[in-house]
Amino acid sequence: MGDTYESVTVDVKDQIAQVTLIGPGKGNAMGPAFWAEMPDVFAELDADRDVRAIVITGSGKNFSYGLDLPAMGGTLAPTMADGALAGPRLKFHAELKRMQNAISAVADCRTPTIAAVHGWCIGGGVDLISAVDIRYASADAKFSVREVRLAIVADVGSLARLPLILNDGHLRELALTGRDIDAARAEKIGLVNDVYADAEATLAAAHATAAEIAANSPLAVHGVKDVLDQQRIAAVSESLRYVAAWNSAFLPSKDLTEGITATFAKRPPQFTGE
């Protein structure tokens, strides 16, 4: 892995790659660099025959705060203007597809992926872990499909992939409320496989599982992943296409402006349905 990235570090040892989110936004928030770099990061890992498993984790105290709103506000701005015509909508649609592709690059990687989550995993963080094969959490982990609280329909993967992971009622509860859940709840509803005492133990467990995978025949591992993925490809891609079109048409609203304004002001939003 010769490239240096702004949003992640990549370290390879004993046939296992560790991809660590590093921001540069606060709490490893996902800014322009993340969305631009992820397809390259995972294409390179996918092509590297010496990498047989991938562990994804976050630097510092959190996995990821999700979308870096200050850094990505310009992406949302054209959609928020009253009377936005086809031109701005098409541009936003293309940008949305590009962001979806950053998460799909993780899901489409032929090499098995394991997320080790500690601290906050919000919004885009949940989109990311919904694209991996196995999820572990530390006892302090907290999860939120928070987009609805900003007047946004989650559009880069959670609503497409979580139906394959969670019971329908649990998913709807998370997505319709935007509430925060702790690691114990996440394990109970099947969002994560196991919970460990702290970030260090979680990362160690992810690496131990990665080592088990790496010890198996890479041909058979690729085959298992390919057969399992085949069952979901059509459903996921159809959902991603639909939400991209839906949000390009319906995302602009006074509620969206209010949701983002309230977030920056750290006050409860007052939504009117406009």
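Data overview
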item: Amide H contacts of G31 (H built 1.01 Å from N, under 5 Å, at least 5 apart or other chain); result: G25, D68
item: Pairwise centroid distance, computed over Cα atoms, of the stretch 220-274 with the stretch 160-186, Å; result: 14 Å
item: Cα-based reach from K225 at 19 Å (exclusive), listing aspartates and glutamates while leaving out same-chain residues under 8 positions away; result: E44, D46, D48, D50, D108, D133, E212
item: Cα shape, the stretch 157-224, gyration tensor, a/c 1.5 rule; result: oblate
item: Sequence of R110, R267, R161 when ordered by accessible area, the most exposed leading, probe 1.4 angstrom; result: R110, R267, R161
item: Phi-based couplings in Hz for the stretch 15-22 (Karplus 6.51, -1.76, 1.60; Gly and Pro marked x); result: 6, 10, 9, 10, 9, 10, 5, 10
item: Portion, in percent, of the accessible area of the chain that falls on carbon or sulfur, probe 1.4 Å; result: 56 percent
item: Solvent-accessible area per residue, Å², over the chain with all protein chains present [probe radius 1.4 Å]; result: 47 Å²
item: Filter on K188/K254; K91/K254; K61/K266 - keep pairs with C-alpha separation over 25 Å; result: K188/K254
item: Among N28, N216, N62, residue whose mean-square fluctuation peaks in a GNM of the chain (springs only between Cα atoms under 10 Å); result: N216
item: Cleavage-rule hits, GluC sites (Glu not before Pro), the stretch 4-75, DSSP coil, Cβ neighbours within 10 Å at most 16; result: E6
item: Correct option for Cα extents along the principal axes in Å [calculated from the coordinates] among [x] 56, 37, 35; [y] 70, 53, 51; [z] 49, 43, 40; result: [x]
item: Counted charge near P32, where neighbours are those whose Cβ lies closer than 11 Å (Asp, Glu -1; Lys, Arg +1); result: -3
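The values are calculated or read from the model by the stated rules, or taken from the named source; none is laboratory data. Just so it is clear, the structure is predicted and the values come from calculations on it, not from any experiment. Positions of Cβ are backbone-derived with ideal geometry, glycine not excepted, and every protein chain shown enters the neighbour counts. Keep in mind that these areas ignore ligands, DNA and RNA; they rest on the heavy atoms of the full protein, side chains included. Shrake-Rupley method; radii C 1.70, N 1.55, O 1.52, S 1.80 Å.
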